[in-house]
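Visitor: My questions will all concern the structure given below.
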Amino acid sequence: MAAVYKKTYPIPMPDGAEIITRRGKKMARWVNGKRQERTAELLDDGRVQFVSDCWYIRYTDASGRMKRKSTGCRDRRAAEKMLADALAKVDKVKAGILSHTEMAAAGHLDTPIGKHTKDYLKHLAAKTVRGRQVSATHVKNVREKLARIIRECRFRSLKDIDRQEVHRWMNRTAQMPRDPGDAGSQPLAARTINMHRAAMVAFCNWCVTERRLTANPIAGLPKVEEVEPSRKRRPLTADEIAKLLRAARERPLQDALTVRVGKNRGKLLANVRDKIQEQLRRIGRERALLYRFMLTTGLRKGEVSTLAVEALDLDGDQPCVRIDGRHAKSGKSAVLPLRPDLAEDLRRHLAERNGNGDGLLFDVPSDFTRVFDGDLKAAGIPKTDAQGRTLDIHCLRHTFATLLARNGTSPAVAQKLLRHSDIRLTMNIYTHLDLADTASAVAALPSI
């Protein structure tokens, strides 16, 4: 039977409470932590019968189950209004006007949207994709993207989410004038806006799955057109590869020997102990070997930083490295061949370590990006060329793909070595052939 009521439950006698008599009943009176005076009936066992401040409602839903929940209202008439609304929805379900799914979703529409996003982020943090848990960095990025859209579109609950409002936000953000003093008002690149859109779409899809929404309110929301990728990479040339490896090998010791101040500034005259010099030479050799390894296997930075010594097979007929699916971007295991000369250098590298290390093949610097940029600078290689193309660590993988193409490797084999699911990614993004490459192909045609 439907009813509006207040919860009552016994609690221990509060500290400092005094016993009074009111209307013939013994009562306890005290001041709570919020400096509010409270009174409650004294029970025979010495406890007091506490009565809730807010009203609760009790009713039977369309499935015949008893529902009890707090209204959050201190006013009885407001609680009675909420009970009447709940009973009206039950009647609509029974009459076939509302479905059970719509009824369930209706109960979530007025809940603050922050509660839903908090639940979604918890779900995301516990989610696994291809056997791997979603990274904390991804969860953090999703949290920031959802927070920005919700804040700037002024969504307070799920019923406020509107496709046109999000669309206007996307267009407004793309055209927003730059204000150096306000980091939150910066215009976003088209790709970044689309990433915000994707985060919002995924959140709404989750709400539908969890029966918090009956349908995705931003379904069909178009993306912002991405004319060109925001970052255009290029491969290293053969001459640049040689310069980079030499700089990586020599820079650790040179940086330590370089005098920073005084009349000898810039000269290699700093006093460094022989033991430290040998350690720095070893670091340089390992870094140059790391670059060679990435250039001839196409492994990504994250993959090579988690590569264990046990992943190497250097004693078989064909030296190879085994990639654990847990650490691969695709989530799939793979076996990649190694050049014989690289395999021999890896043997020397392992012998030089003589058991030192934590089981990883390479000691990849935590600030690998900064180290790579420093090696480029020391090698005299510009980070950005005249065409606006840039060099970064991932360009080692692009260089690997381009070298395969220039040496006549078939697209299918290149795709397998790069572990791409789509051959178009191999050919259109990672393979960089310039005019000299295409000109040599034309020159090889028979004379007509």
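Only the coordinates and a few stated rules stand behind these numbers; no lab work does. All values derive from a computational prediction rather than experimental measurement. Cβ coordinates were reconstructed from backbone atoms using ideal geometry, including for glycine residues, and neighbour counts include every protein chain displayed.
Visitor: Fewest first, what order do V413, V201 take by the number of other Cβ atoms within 10 Å? Walk me through the intermediate numbers first.
Guide: Values: V413 11, V201 16.
Sorted ascending by nearby Cβ count, the order is V413, V201.
Visitor: What angle, in degrees between 0 and 90 and rounded to the nearest 10, separates the Cα long axis of helix 274-297 from the longest principal axis of the Cα atoms of the chain?
Guide: Value to nearest ten degrees: 80.
Visitor: Assuming 1.306 mPa s and 10 °C, estimate D for the stretch 198-261 with Stokes-Einstein, Rh taken as the Kirkwood radius over Cα pairs, in µm²/s.
Guide: Values: Rh = 17.5 Å.
In µm²/s, the coefficient rounds to 91.
Visitor: I'd like the distance separating the alpha-carbon centroids of the stretch 386-433 and the stretch 242-306, in whole Å.
Guide: For the stretch 386-433 versus the stretch 242-306, the Cα centre distance is 27 Å.
Visitor: Can I ask one more? Would you mind ranking D392, D91, D315 so that the residue whose beta carbon has the fewest other beta carbons within 10 Å leads the list?
Guide: Details: D392 15, D91 12, D315 8.
Lowest to highest Cβ neighbour count: D315, D91, D392.
Visitor: Give, rounded to the nearest 20 debye, the magnitude of the charge dipole that the chain has about its Cα centre when Lys and Arg contribute +1 at Cβ and Asp and Glu contribute -1 at Cβ. Write down the numbers at each step before the final one.
Guide: Numbers: 84 positive and 53 negative charges, 347 e Å.
Computed about the Cα centre, the dipole is about 1660 debye.
Visitor: So I have (1) 5, 24, 35, 26, 9, 2, 0; (2) 4, 19, 29, 27, 16, 5, 1, 0; (3) 3, 13, 17, 17, 16, 11, 9, 9, 4, 1, 0, 0, and one of them is P(r) over Cα pairs in 10 Å bins from 0, in percent calculated from this model. Which one is it?
Guide: (3)
Visitor: Taking the Cα centre of the stretch 3-98 as origin and charging only Cβ (+1 Lys, Arg; -1 Asp, Glu), how large is the dipole, in debye to the nearest 20?
Guide: Details: 23 positive and 12 negative charges, 59 e Å.
Rounded to the nearest 20 debye, it is 280 debye.
Visitor: Taking the Cβ of each residue in C395, C54 as the centre, tally the other Cβ atoms inside 10 Å and list the residues starting with the fewest. Spell out each step's value before the answer.
Guide: Details: C395 23, C54 13.
Ranking C395, C54 by Cβ neighbours within 10 Å, fewest first, gives C54, C395.
Visitor: Okay, next question. With angles folded into 0 to 90 degrees, how steeply does helix 340-353 sit against the dominant principal axis of the chain? Use alpha carbons for both and round to 10.
Guide: Tilt relative to the chain: about 70 degrees.
Visitor: What order do you get for 274-281, 359-366 when each peptide is scored by the mean count of other beta carbon atoms within 10 Å, highest first?
Guide: Details: 274-281: 12.4, 359-366: 15.0.
Per-residue mean Cβ counts within 10 Å order the peptides as 359-366, 274-281.
Visitor: Specify which residue in the list I423, T21, C153 is farthest towards the positive end of the charge dipole of the chain, using unit charges on the beta carbon of Lys, Arg (+1) and Asp, Glu (-1), about the Cα centre.
Guide: Going by the charge dipole, the pick is T21.
Visitor: Restricting to DSSP H runs of at least four residues, report the calculated mean residue ellipticity at 222 nm for the chain, -39500 (n - 2.57) per run over all residues, nearest 500 deg cm²/dmol. Mind dumping the intermediate values first?
Guide: Details: 14 runs with 194 residues, N = 448.
It lands at -14000 deg cm²/dmol.
Visitor: Over 28 Å between Cα atoms: which of K89/K145; K6/K26; K145/K329; K127/K223; K115/K145 fall into that group?
Guide: Correct reply: K89/K145.
Visitor: As I understand it, the value is the acute angle between the Cα axis of helix 136-153 and the longest principal axis of the Cα atoms of the chain; what does it come to in degrees, rounded to 10?
Guide: In the chain, helix 136-153 runs at an angle near 60 degrees to the longest axis.
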